[in-house]
Amino acid sequence: MTAVRLSLPVLQNWDCHNCGGCCRQHQIEITAEERQRIIDQNWTEADGVPADKAIVPMSGWFGTPRYRLGHQPDGACVFLNEQGLCRIHAKFGELGKPLACRVYPYAFHPAGKTVAVSLRFSCPSVVKNVGRPVSSQQAEIRRIADAVVPGDSTTIAPPALNATDRVDWSDFHRFVDALDATLAQANTPFLDRVLQAYVWTSLVGQSTFAKLRGDRIRDFLELVQTAAAAEVPSLRSNLVEPTKVGRLYFRLLVAQYARKDTAASVAEGWLGRWRLLRAVWKFSRGQGDIPPLQELFHSVPFSALEPSFGPLSPDQQEIFTRYFRVKVQGLHFCGPAYYDVPFVEGFHSLLLVLPVTMWIARWLAVGEGRNQLTTDDIAHALSIVDHHHGYSPALGQTAARSRVRSLASTGDIPRLVQWYCR
């Protein structure tokens, strides 16, 4: 893989700050080789890791053995110590850890002659943009990429554009670059930028590209971008509430993003499943009090999240701008990186992260007796949401994808964006 160039997100900083968050919210499946390596490390009760708790068997297809790292009663990885540090890393160095632990929070997506690098905003340090510039860490990121990106990555086809069309990598990058350029407009308000992106990507979804290539695609993109910029002022001046069906689908989407899937929650068994089913039923009704899907949430009325909480501050706009651009530049929204969905559907799913995050941020604020959002509310909500985005199997299922397409076809996506960002 060393001959393939890495495309790094130049606007993102990151370093690990040992918060232990990733060790508390992820289930780490390990390979047979990694399992044997951990067994050979000879962990004992004296190390704080009983040998019989270090590795847990999982059910596999057709009897194929699968394993994951063990967890403490509170859901934390069994190797997380009291200082928030990894015991494996402390005793055997970074290479002693499973590859999944070494990769996080990076994500790598083949993009023709390059590999696009993205980051997961479920990491608080990524959301807050603290640490060294990612662009200055190429040598370190290269070592990780060499371990995870397949050697034949240049042969992987680009994602589809829409339900019917595909183009080659050079033309696909024209669409990605146009989307990033729309999101990067420095003198345009953030909501105007994402609404412009929604309008012209929707036009891409309705178009056919069988005879468009190269410069003709460039001309097409210039045309639809200009048309989108002209249409947005009318969208912004005429605030329309989401439809009843749109609100229903949206609440079900929020419920999926707000839940907490850890080894501790899975261990609750049928009782946990029953609680989840009751919560989903309440979200579908949208009346009364919101069922707290995690301990950090308070039970507050659904109606308390509907009034205006005020516009996004410059700092909050910066977080969202960086989030969307990192995901777009890293191709972390379509194709193999996102349930193999096309470019247009993938961006619509990504755009829904905005109102979902704002809804959850409102939930956090109201739970503390506030009716205005802080930047910390936004950052916390985004880390909750991005934990699932592209990684929860439920979001890639037919029903979830159908809801996204329905929200797009009814015009509810721009309504939801504006309604919960006011």
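Each value in this text was obtained by applying a stated rule to the coordinates, not by laboratory testing. Predicted model only: the values in this text are computed from it and were never measured. FYI the Cβ positions are ideal-geometry reconstructions off the backbone, even for glycines, and counts take in every protein chain you see.
Observations on the model:
- Kyte-Doolittle at least 1.0, axis length at least 18 Å by Cα - qualifying DSSP helices, the chain: 343-367
- Loop-located trypsin sites (Lys or Arg not before Pro) in segment 315-392 whose Cβ has at most 10 other Cβ within 10 Å (DSSP): none
- For segment 268-422, averaging the sequence separation of C-alpha pairs within contact (under 8 Å, six or more residues apart) and dividing by the residue count gives a relative contact order of 25 percent.
- Residue order for 357, 182, fewest other beta carbons within 10 angstrom first, comes to 182, 357.
- Sum of side-chain charges, residue 217 neighbourhood, beta-carbon under 14 Å (Lys, Arg +1; Asp, Glu -1): -1
- Cys residues of the chain counted as unpaired, since no other Cys beta-carbon is under 4.7 Å: 16, 19, 22, 86, 101, 123, 334, 421
- Per-residue ellipticity at 222 nm, computed for the chain from helices alone with -39500 (n - 2.57) per DSSP H run of at least four residues, works out to -15500 deg cm²/dmol.
- Near residue 97, once Lys and Arg are set to +1 and Asp and Glu to -1 for all other residues with Cβ below 11 Å from its Cβ, the sum equals +2.
- D_trans [Stokes-Einstein, Kirkwood Rh over alpha-carbon pairs] for segment 307-422, 37 °C, 0.692 mPa s, µm² s⁻¹: 224 µm²/s
- For the chain, the relative contact order works out to 20 percent when only alpha carbon pairs closer than 8 Å and six or more residues apart are counted.
- Largest first, the three principal axis extents of the alpha carbons in segment 110-219 are 42, 40, 23 Å in whole numbers.
- Which of 167, 245 has the fewest Cβ neighbours within 10 Å, and the rest in rising order: 245, 167
- Label-to-label distance, residue 157 versus residue 306, with points set 7 angstrom from Cα along the beta-carbon direction: 4.6 nm.
- Principal axis dimensions, largest first and in whole angstrom, of segment 157-422 by Cα: 56, 39, 30
- Annotation: the residues 153, 234, 170, sorted from fewest to most other C-beta atoms within 10 Å of their own C-beta, follow the order 234, 170, 153.
- Segment 5-154 - Rg over Rh from alpha carbon coordinates, Kirkwood radius: 0.99
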